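**Q** Here it is, the structure in full.
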Amino acid sequence: MNKDRVEGKIKDVAGRVERQAGEWTNDPKAQVKGAAKQAEGKVQNAWGKAKDAAKESADDANVPPKPPQRDEVDAEESDSKNARRRG
């Protein structure tokens with residue numbers, strides 16, 4: 001999780017609180033200001049998610065494939081042995 005996602009979530013929550021307080025106090029300016037802050041937070045959070053996805057994709061492209069694990073090799077060997085016994 002990167003800085004944009006954290007800051008975006010904080011702005012989103014702060015905007016919700018401000019908007020709700022505006023509704024409770026019947027203050028339309030606070031409602032609008034809170035809704036704007038909430039929208040800004042959602043956009044920043046989405047931007048952070050996109051950056052994380054791009055970084056993860058780039059990391060996956062640069063990582064060589066892992067060799068099979070021991071359990072996978074054992075399972076393949078036992079499957080082939082069972083097939084030979086049946087055949």
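The values are calculated or read from the model by the stated rules, or taken from the named source; none is laboratory data. All figures in this text were calculated on a predicted structure; none of them were measured in a lab. We place every Cβ from the backbone using ideal geometry, glycine too, and count neighbours over all the protein chains shown.
**Q** Tell me yes or no: at least one residue of the range 42-54 is touching a Gly at 6+ places or on another chain (Cβ under 9 Å), among the β-branched types (Val, Ile, Thr) and either touching a residue at least 12 places away in the same chain (Cβ under 8 Å) or not in a helix (DSSP H, G or I) (or both).
**A** Looking through the range 42-54, at least one residue is touching a Gly at 6+ places or on another chain (Cβ under 9 Å), among the β-branched types (Val, Ile, Thr) and either touching a residue at least 12 places away in the same chain (Cβ under 8 Å) or not in a helix (DSSP H, G or I) (or both).
**Q** Could you figure out which of (1) of a type outside the set (A, V, I, L, M, F, W, C); (2) at pLDDT 80 or above; (3) in a helix (DSSP H, G or I) isn't true of Asn26?
**A** (3)
**Q** Let me ask you something else. Checking the condition exposed (fewer than 15 other Cβ atoms within 10 Å of the Cβ) and not basic (Lys, Arg), which residue from Gln20, Gln31, Gln38, Gln44 passes?
**A** On the way: Gln31 fails: exposed (fewer than 15 other Cβ atoms within 10 Å of the Cβ); Gln38 fails: exposed (fewer than 15 other Cβ atoms within 10 Å of the Cβ); Gln44 fails: exposed (fewer than 15 other Cβ atoms within 10 Å of the Cβ).
Only one candidate passes the filter, namely Gln20.
**Q** When the range 1-17 is examined, which residues are found to be surrounded by fewer than 16 Cβ atoms within 10 Å (Cβ to Cβ) and farther than 22 Å from Glu56 by Cβ?
**A** Ile10, Val13, Ala14, Arg16, Val17
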